[in-house]
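Note sheet for the following structure.
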Amino acid sequence: MIYDLVGIGAGPSNLSLAALSPKHLNAMYIERRPEFSWHKGMEFSFADLQVSFVKDLVTLADPTNEHSFLNYLHTNGKLYHFLNAQFQSVSRKEYADYFKWVSQRLDNILMSECVLSVNFDEDFIVETDKRTLRSKNISVGVGKVQYIPSFARPLLGNNNFHVSQYKYNDHQLAGKKIIIVGGGQSGAEAFYDLISRDKDDAVKQVYWITRRDNFLPIDDSPFTNDLFMPCQVEYLQQFSYSKKKEYVRKNILTSDGISGKTLNDIYQLLYRYQFLEDNPLEFKLMPSRSVEGLTKIGTKWLVNSRHLEYEVDEHFEADVIIWATGFCDGPKNFLRPIDHKLEKVGVGEEYMVDNDYSVVWNGPKDRNIFMLNSVKNQKGLSDPNLSLTAWRSRKVLDRIENKACQQVANKSLVEWNPIQEIEPFVEQGLIREAKASI
Ligand SMILES: Cc1cc2nc3c(=O)[nH]c(=O)nc-3n(C[C@H](O)[C@H](O)[C@H](O)COP(=O)(O)OP(=O)(O)OC[C@H]3O[C@@H](n4cnc5c(N)ncnc54)[C@H](O)[C@@H]3O)c2cc1C
């Protein structure tokens, strides 16, 4: 059998494709985990989704689709309660449960199966650890993996770990001196969890270090959210790769800052400890520092950090180091057999994709490899985020089915592209003068 599409990974990116696929599309998704999970190692009870719940797997491309978050609430008999609760944002735990609910309603996901290689011979040949599949198209949705500075990687263990492993290690933190490195949402959540523990479970000391100038908030204001609309992806398309990359870097706090609620919760708790209660917790918040070295001395860690404004070194001792230093693209070694046919951009940084997220390659035009969530520098800050997941899926499916774009255009209220309102000037014969003064 030849599939129309084989999806590698069944996280939200490919799950959205699966949920939006028409019945006649012959697709199969391969997921190496035994069951669906979404950032389980960071499932804090207080952690909320950083986008609207409407940005689910399907709604922004097909509001009538049965796999929506609203239908999840309805089917599980909690739609009225959800409304009555008047949440400002949805808990990540509940959204993970929604994703899992969708994954269980779909019958074309093979769990506990890992894709090992993809080759090409008229069709793609996908080799897993259990079988071989042939497909006309591939969608790569393997997500991100933890990023940790290289000097700390050889020393990883249960007292020196990435924040994505927090929940698997948090039972052994009581009474310890802890350093969190990284000032984004993940670092903030780990910090809040550590400072808000009950007496029996309390840690002795928490230091929170970030390179950023301060503990900076995510910008969730209306015009910033314009960056998470389809028209923004189209706008970026005209730029060179280096310009797009710079644009992403400049606007990073639109997606990687800390949510206002988490910042308030942290500040208010620290206020209570400082001024209202006699809490023995020792804490320090340290912006403008870069951690540059880690040494093991007996059972302790010695952290070498550089103050970026004063340009001096500082040293701190800790029992446990938690790296909240972000994520990078998941490895795609399975593409090695066809890698030489695939175009790349930057210094081999990303696979080059076209408007439909299809990799530019030396192969037949009707055979595509779609890259989901690993082309941020080309498609912008929405790429790793849930905001445009449904829209991207629709684009991919239209391409597979060779259909013209099926989506309603959402024109921005902002004029991102250059405009020239020259007619009145031409009429008045002023255009030359105007041009000369630009
Ligand atoms: C803690 C945390 C909170 C977040 N919160 C938000 C939020 O509130 N809003 C938002 O918009 N975004 C959020 N994000 C961004 C997040 O990355 C996306 O929401 C989403 O998880 C991306 O989905 P994905 O399918 O691309 O990747 P993933 O969710 O990482 O899924 C990839 C899947 O591929 C599987 N896989 C990998 N390699 C193979 C292989 N060789 N064979 C088979 N399977 C494989 C993995 O097991 C995994 O299940 C958050 C990220 C983190 C880390």
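Quick look at the values:
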| item | result |
| --- | --- |
| Volume per residue of the C-alpha convex hull in the range 1-158, rounded to whole Å³ | 156 Å³ |
| Inter-probe distance in nm under a simple model that places probes 7 Å from Cα toward Cβ, at Tyr310 and Phe327 | 3.6 nm |
| Those lysines that a straight Cα-Cα span of less than 26 Å connects to Lys93, excepting residues fewer than 8 apart in one chain | Lys40, Lys55, Lys78, Lys144, Lys167, Lys199, Lys261, Lys376 |
| Residues Glu423 and Leu156, FRET efficiency given R0 of 45 Å [Cβ-Cβ distance, rounded to 0.05] | 0.10 |
| Inter-site label distance for Gln407 and Asp121 at 7 Å from Cα along Cβ, in nm | 3.7 nm |
| Percent carbon-and-sulfur accessible area, the chain, ignoring ligands, DNA and RNA, probe 1.4 Å | 50 percent |
| Candidate aspartates and glutamates for bridging to Lys23, where Cα separation is under 17 Å - those fewer than 8 sequence places away on the same chain excluded | Asp4, Asp62, Glu66, Asp107, Asp398, Glu401 |
| Principal semi-axes in Å for the range 299-343 [√(5λ), Cα gyration tensor, largest first] | 39, 16, 8 |
| Cut-off under 5 Å, modelled amide H: who pairs with Tyr3 long-range | Arg134, Ser135, Lys136 |
| Amide H partners (placed H, <5 Å) of Asp48, local residues excluded | Arg92 |
| Candidate lysines for bridging to Lys341, where Cα separation is under 19 Å - those fewer than 8 sequence places away on the same chain excluded | Lys136, Lys332, Lys365 |
| Within-14-Å neighbourhood charge of Gly363 [Cβ basis; K, R +1; D, E -1] | -3 |
| Calculated FRET value between Gln274 and Phe223, using beta carbons and R₀ = 25 Å, to 0.05 | 0.10 |
| 5 angstrom amide H check on Thr128, placed H, neighbours 5+ away | Leu116, Leu133 |
| Shape call, the range 322-391: gyration tensor on alpha carbons, a/c limit 1.5 | oblate |
| Choice from Asn385, Asn410, Asn14 with maximal GNM fluctuation in the chain (Cα, 10 Å cutoff) | Asn410 |
| Dimensionless Rg over Rh [the range 366-420; C-alpha; Kirkwood] | 1.02 |
| For the range 204-313, average projected area of the Cα convex hull in nm² | 10.7 nm² |
| Mean Cβ count within 10 Å, highest first, over the residues of peptides 339-347, 57-65 | 57-65, 339-347 |
| Added length on full extension, which subtracts the Cα-Cα distance from 0.36 nm per residue, Lys250 to Arg33 | 74.6 nm |
| Per residue Cα convex hull volume in Å³ - calculated over the chain | 213 Å³ |
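The values are calculated or read from the model by the stated rules, or taken from the named source; none is laboratory data. Fair warning: this is a prediction, and the values are worked out from it, not measured in the lab. FYI the Cβ positions are ideal-geometry reconstructions off the backbone, even for glycines, and counts take in every protein chain you see. What goes into the accessible areas is simple: the full protein's heavy atoms, side chains included, and nothing from ligands, DNA or RNA. Shrake-Rupley method; radii C 1.70, N 1.55, O 1.52, S 1.80 Å.
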